[in-house]
1. Could you check the simple spin-label distance between residue 19 and residue 247, using points 7 Å along Cα→Cβ, in nm with one decimal?
2. Would you mind calculating the relative contact order of region 63-141 from Cα pairs under 8 angstrom and at least 6 residues apart, reporting the percent as a whole number?
3. Calculate, in nm to one decimal, what residue 331 and residue 318 gain on full extension: separation in residues at 0.36 nm each, minus their alpha carbon distance.
4. What FRET efficiency, computed as 1/(1 + (r/R0)^6) with R0 = 45 Å and r the Cβ-Cβ distance, is obtained for residue 72 and residue 120, rounded to the nearest 0.05?
5. I want to check the label-to-label distance for residue 221 and residue 240. Put each point 7 Å from Cα in the C-beta direction and report it in nm to one decimal.
6. Provide the FRET efficiency to the nearest 0.05 for the residue 165-residue 229 pair, computing r from the beta carbons and using R0 = 41 Å.
7. Would you grab the residues whose amide H sits under 5 Å from the one on residue 104? Only those 5+ places off in sequence or on another chain, please, with H modelled 1.01 Å from N.
8. Once both labels are modelled 7 Å past Cα along the beta-carbon direction, what's the residue 10-residue 340 spacing in nm?
Amino acid sequence: NESASPYYAEGASGPTDVDSLLELYLAKAPRGDDEAPRESSDAAVSDAHITDAPTGKVYLVGTGPGDPGLLTLKAFHLMQTADVVLYDRLVSPAILDLVHPQAHMLYVGKQAGFHTRTQDEIEKMLVGFAGRGLTVVRLKGGDPLVFGRGGEEMETLMQKGYGVKIVPGVTAAAGVGSELGIPLTHRGSATSVRLLTGHLREGAAAEAASGKGNTVVDPVDFAVTSADKDTTLVVYMGLQTLPTLSRKLIENGFPRDMPAVAVERGTTPFERRVFSDVAHLPDAVLHEGLKSPTLIIVGNTVKLSPLWPWRNGLGEPVSPPDDTKKKHVLQEGPVDADSETNQWFERTGETVRRLRLLGNLEAENAVVADQAGEPVTRGSKV
């Protein structure tokens, strides 16, 4: 069970208080021979830029929808060289296994109803580590700038005088669509694609009313007014609003049998996908118990997928038959679970996990020896 991974355990996020966390980790971080230690972490997170402090590098890195094979080479290289890695809940264990064993890893994930860190705390951590001269890699699922709040973190770092670089990732729409063989655009079926979010951040409606934010106050209404039958509609974070989206699309002219699919944890070993039509997809998702993160794709191109379950006698895709009670099909597991590429990543990840375990044991032994007054050689592992 992926949710039981130690990467997402309570202790993976470090001390609750951010200042205490920075003090602990910065004390253990490598420093140059001629650099004096800081007296406290407050200097590292000051609003004023510290001109005499070493300036670290911050990379906002997209890791794709979950399959480690979709990582870019640049992302992999940074995961092998980072001092500190802050990672989200949407970064899969198979990808986290590839972070080199000496890196400090901190879980800062968010999920519905529970955030290990607020966005302000995450940005404070990024600034604190960068101010210490460290190379900081912020791992994000998908692409950092597609519903990933990467722009907010970039703005904060730039305002405080720190450089930040963006490493793109395969966004879920492209990764999941390609895995399932669903073209996002296709001549004769879809002339455009729209990427939409199923929910807005807290306070967005108030900002829109005051003129401070954008004018979108209802993501479902926006999705409906911006979509048409020749558009492939891709909805991120849309499980809760799916029933309303389905109803309003039909009310605004979408055919009830418009092909649709909902994909939970796409491209991972835990993938579950429900094929249906736009009218029956909400009940199908509820019946099968799909949970976040789930990507929803609605449009004519969905039935072009080789996995589309309904076909006529010639093998051509057709809508779910009217004479069947069950208007959806559940499929489970990745499309290419036994590929040689996946096996290579599993072997590589297992090697890194073993090295990380050895590093943890060495760190524990160093603490015991230090308490006993014996000389020890410290590494950078916490």
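No lab work stands behind these numbers, since they all come straight from the coordinates. No experiment lies behind these values; they were computed from the predicted model shown. Methodologically, a virtual Cβ is constructed for each residue, glycine included, from the backbone with ideal geometry; neighbour enumeration extends over all protein chains shown.
1. 4.9
2. Details: 118 pairs, mean separation 31.6, N = 79.
About 40 percent, as a whole number.
3. Numbers: separation 13, 0.36 × 13 = 4.68 nm, distance 1.79 nm.
My answer for the length gained is 2.9 nm.
4. 0.95
5. 1.8
6. Values: r = 40 Å, r/R0 = 0.98.
Given R0 = 41 Å and the Cβ-Cβ separation, E is 0.55.
7. Those lying under 5 Å, H to H, from residue 104 are 84, 85.
8. Reported label-point gap for residue 10 and residue 340 is 4.6 nm.
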